[in-house]
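The values are calculated or read from the model by the stated rules, or taken from the named source; none is laboratory data. Please read these numbers as outputs of a predicted model, since none were measured by experiment. Because the Cβ atoms are built from the backbone with ideal geometry, glycine has one as well, and the counts that use them run over all protein chains shown.
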Amino acid sequence: ATNRTFTMIKPDAVANGHIGAILDHIIKGGFKIVAMKYTSLTPEKAGEFYSVHKERPFYGDLVKFMSSGPIVAAILEKDNAVEDFRKLIGATDPSKAEAGTIRQLFAKSIDANAVHGSDSDENAQIEGSFYFSAFEQF
Ligand code: CMP
């Protein structure tokens, strides 16, 4: 396993003023930020990023939502990064997320669920390099 994962602070959490609080949780959770940018996705870019979900019924709404406003994209480093980060953020559906997790604290719905976390080492690598060149990773 690699020790890196990829995250986005999604448009809902940015719009609701939670960037600082979420980064604080991430850092206090033992993750080191090795790359970060404040940016946004066009619908085309969002469609490409989430192309693994192309056949899913929620794909259209997902692409629309993820291109609706600015996001924060980051690569995070920690031992066991992918799994530990998924524990820190909680279940995809915030109503099922454990107390104290980022989604339980800051997310409103399964679509507007505050943060993304890679689901495997392979996807962490793919998703990180979608946003960051080697020179932007410290
Ligand atoms: P994320 O982990 O960023 O990747 C896919 C997103 O699709 C997911 O977060 C949710 O916000 C959204 N989504 C909406 N409905 C579903 C669903 N039924 N299952 C999984 N993801 C969903």
With respect to the numbered conditions (1) touching a helix residue (DSSP H, G or I) at 6+ places or on another chain (Cβ under 8 Å); (2) within 14 Å of residue 4 (Cα to Cα); (3) more than 13 Å from the ligand (Cβ to nearest atom); (4) among the charged types (D, E, K, R), which one is the sole condition not fulfilled by residue 37? (2)
Which residues, counting only those in the stretch 1-30, are among the charged types (D, E, K, R) and surrounded by fewer than 19 Cβ atoms within 10 Å (Cβ to Cβ)? 24, 28
Within the stretch 24-51, which residues are among the aliphatic types (A, V, I, L, M) and touching a residue at least 24 places away in the same chain (Cβ under 8 Å)? 26, 33, 34, 35, 36, 41
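From the list 64, 78, pick out the single residue that is within 13 Å of the ligand (Cβ to nearest atom) and more than 14 Å from the chain's Cα centre (by Cα). Reasoning before the result, please.
Working: 78 fails: within 13 Å of the ligand (Cβ to nearest atom).
The conditions single out 64.
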What are the residues in the stretch 57-84 that are in contact with a Gly (Cβ under 7 Å, 6 or more places away or on another chain), part of a loop (DSSP other than H, G, I, E, B) and either more than 19 Å from residue 26 (Cα to Cα) or modelled with pLDDT under 95 (or both), if any? none
Just a yes or no: is a residue in the stretch 90-97 of a type in the set (Gly, Ala, Ser), more than 13 Å from the chain's Cα centre (by Cα), away from the ligand (no atom under 13 Å from the Cβ) and over 22 Å from residue 68 (Cα atoms)? no
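If a residue must be within 11 Å of the ligand (Cβ to nearest atom) and assigned to a loop (DSSP other than H, G, I, E, B), how many such residues does the stretch 109-138 contain? Let's see the steps before the verdict.
Of the residues in the stretch 109-138, the ones within 11 Å of the ligand (Cβ to nearest atom) are 109-119, 123, 127.
Keeping just the survivors that are assigned to a loop (DSSP other than H, G, I, E, B) gives 109-114, 118-119.
Looking only at that region, the number is 8.
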Please go through the stretch 1-56 and give me each residue that is assigned to a strand (DSSP E or B) and more than 14 Å from the chain's Cα centre (by Cα), ordered by number. 32, 34
Can you tell me which residue is nearest to residue 51 (Cα to Cα) among those in the stretch 114-131 that are crowded, with 19+ Cβ neighbours inside 10 Å and of a type in the set (A, V, I, L, M, F, W, C)? 124
In the stretch 31-48, how many residues are out of contact with any strand residue (DSSP E or B) (no Cβ under 8 Å at 6 or more places or on another chain) and surrounded by 15 or more Cβ atoms within 10 Å (Cβ to Cβ)? 3
